[in-house]
Amino acid sequence: MRGLLACATLARRAAGATSTARRHLAGAAEAAEAELKKTALYDFHVAHGGKMVPFAGWSMPIQYKDTIMDSTLNCRANGSLFDVSHMCGLSLHGRQAIPFLESLVVADVAALKDGTGTLTVFTNDRGGAIDDSVVTKVTDQHIYLVVNAGCRDKDLAHIGEHMEAFNKKGGDVKWHVHDERSLLALQGPLAAPTLQLLTKEDLSKMYFSDFKMIDINGYACFLTRTGYTGEDGFEISVPSENAVDLAKALLEKSEGKVRLTGLGARDSLRLEAGLCLYGNDMEQHITPVEAGLSWAIGKRRKAEGGFLGADVILKQLQEGPKIRRVGLLSQGPPPRSHSEIVSNSGENIGEVTSGGFSPCLKKNIAMGYVKSGLHKAGTEFKVVVRGKSYDAVVTKMPFVPTKYYKPSW
């Protein structure tokens with residue numbers, strides 16, 4: 001009897017300990033959730049069924065009531081509205097804003113026409129990518145750029161450190177981080193006709209990578225014709241106090257065809273478009289040349305250098321890199337980040353950096369790095385998924401044709 005009582009006592013103590021552990025875990029989860037930053041649209045997402053997850057220190061919707069596959073297909077057929085306010089917008093001002101920025105990025109910023117932009121890469125002294133960014137020349141003395149959420153702290157520290165040194169040598173550049181603004185991405189075939197209903201600006205005269213400061217729904221916005229899906233669309237920087245009202249207006253004007261869309265579909269859309277995700281397909285040890293972004297290095301910059309790591313990058317442009325980013329189609333289960341790429345004889349020749357099932361193509365697609373010489377379209381090898389090897393072949397990217405709005409001439 002005493003043994004049974006002792007067992008019962010131990011059971012109660014164990015149950016109590018388990019209950020206490022659960023309370024601690026629940027409390028820790030709540031604390032972690034409380035530490036996450038929230039965009040101005042957080043309550044709006046929750047009210048519309050957004051499934052919120054931690055992402056780069058923010059609480060962001062990964063999907064809504066529809067599936068990630070349905071959201072992806074709807075973006076291609078109609079349109080999507082993304083909250084991308086976790087990304088960091090900033091402006092550089094001053095007489096030497098352009099030469100300062102050109103010391104840090106590979107783009108020929110000076111050659112851009114006012115009100116146009118381009119994708120660029122911030123490099124380190126080894127030629128590796130600190131981050132990729134869309135940079136816009138508003139005027140000769142105003143540059144607007146958006147950097148990735150997960151890179152915000154290191155990017156701002158990097159830019160700030162070099163700006164301080166630049167100004168100490170007599171430079172003239174200052175910055176403003178646009179924490180007072182939110183960022184919405186409107187993407188898909190209905191993006192332009194829907195947005196046109198909310199502005200007097202003739203959007204048919206605004207092409208891919210163009211930038212304007214205009215009124216949208218009565219709010220002072222920065223508008224860039226760009227996106228991260230391969231579709232025509234816009235990124236709209238709006239004062240945070242107007243962000244929810246603008247989101248509502250865009251959804252209403254589309255008569256329900258443009259849907260709120262989360263990070264899950266955003267990832268499948270960008271993968272179908274063959275676009276890099278920093279932290280997966282680009283890292284501090286990967287150069288723009290290896291990443292297949294040589295086109296982003298301006299012609300003048302290829303001749304003159306003048307940016308961090310230029311000696312490494314210019315040498316790779318002349319001699320070729322040792323590894324290259326490629327697109328893959330594969331059999332079996334979808335490959336994921338870090339899946340091994342091997343030759344038919346089993347030799348390691350590379351690694352997958354992004355992969356998944358394409359909702360539009362109904363097949364597995366992936367990106368990864370392989371040894372130079374094995375990067376040509378049609379090259380066959382294997383990808384290893386959960387310990388088993390499956391056939392794969394190099395294919396050209398984008399996987400799904402892009403629909404950027406460009407002049408017809």
Log entry, pairs with first residue in the range 251-275 being within 14 Å of A185 (Cα to Cα), second being modelled with pLDDT of 95 or more and aromatic (F, W, Y), beta carbons closer than 7 Å, six or more apart or on different chains, reads L260/Y64; T261/F82; G262/Y64; L263/F55; R266/F82; R266/Y228; R270/Y228
Those residues of the range 299-312 which are more than 24 Å from the chain's Cα centre (by Cα), over 17 Å from L112 (Cα atoms) and open to solvent by less than 70 Å² (accessible area, probe 1.4 Å) amount to G305, G306, A310, V312
For the range 313-325, indicate whether the set of residues that are in contact with a strand residue (DSSP E or B) (Cβ under 6 Å, 6 or more places away or on another chain), closer than 22 Å to H158 by Cα, open to solvent by less than 30 Å² (accessible area, probe 1.4 Å) and modelled with pLDDT of 95 or more is non-empty. no
Residue match in the range 376-391 (condition: in contact (Cβ under 8 Å) with a residue 60 or more places away in the chain, touching a strand residue (DSSP E or B) at 6+ places or on another chain (Cβ under 7 Å) and closer than 30 Å to R225 by Cα):
no
Residue count, the range 238-257, condition assigned to a strand (DSSP E or B) and crowded, with 23+ Cβ neighbours inside 10 Å, comes to 1
Given the conditions (1) in contact (Cβ under 8 Å) with a residue 60 or more places away in the chain; (2) over 27 Å from E241 (Cβ atoms), every one holds for K169 apart from (1)
Result of the Cβ filter at 7 Å on the range 30-57, keeping first residues that are at positive phi and partners that are at pLDDT 95 or above and open to solvent by less than 40 Å² (accessible area, probe 1.4 Å), at least 6 apart or interchain, is G49/Y64; A56/H86; A56/A149; G57/L36
How many residues of the range 323-347 are closer than 15 Å to L293 by Cα and of a type in the set (D, E, K, R)? The answer is 2
Inset, instruction - Please indicate, with yes or no, whether at least one residue in the range 191-206 is within 26 Å of A97 (Cα to Cα) and buried (at least 17 other Cβ atoms within 10 Å of the Cβ). - result: yes
In the range 195-225, anything over 13 Å from V138 (Cβ atoms) and of a type in the set (F, W, Y) is listed as Y207, F208, Y219
Picking from Y404, Y390, Y369, the residue that is in a loop (DSSP other than H, G, I, E, B) and either assigned by the TED database to the domain that holds H285 or open to solvent by less than 60 Å² (accessible area, probe 1.4 Å) (or both) would be Y404
Any hit, the range 221-232, residues being open to solvent by 30 Å² or more (accessible area, probe 1.4 Å) and out of contact with any helix residue (DSSP H, G or I) (no Cβ under 6 Å at 6 or more places or on another chain) | no
Counting only strands (runs of 3 or more DSSP E) wholly inside the range 101-185, the ones holding at least 2 residues that are among the β-branched types (V, I, T) and surrounded by 15 or more Cβ atoms within 10 Å (Cβ to Cβ) are 116-123, 129-139, 142-147
*asked:* Looking at the range 210-223, can you tell me whether even one residue there is in the same structural domain as I68 (by the TED database), under 22 Å from the mean Cα position of the chain (by Cα) and not in a strand (DSSP E or B)?
replied: no
- Query: Is it fair to say G327 is without any contact (Cβ under 8 Å) to a residue 40 or more places away in the chain and assigned to a strand (DSSP E or B)?
  - Reply: no
Taking the range 168-206 and keeping only residues that are on the phi > 0 side of the Ramachandran plot and in contact with a Cys (Cβ under 7 Å, 6 or more places away or on another chain), one is left with G188
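The values are calculated or read from the model by the stated rules, or taken from the named source; none is laboratory data. Here the structure is a predicted model, which means the values were calculated and not measured. Ideal geometry is used to build each Cβ from the backbone, glycine not excepted, and the neighbour counts take in all protein chains shown. Note: accessible area is taken over every heavy atom of the protein model, side chains too, but ligands, DNA and RNA are not part of it. Shrake-Rupley method; radii C 1.70, N 1.55, O 1.52, S 1.80 Å.
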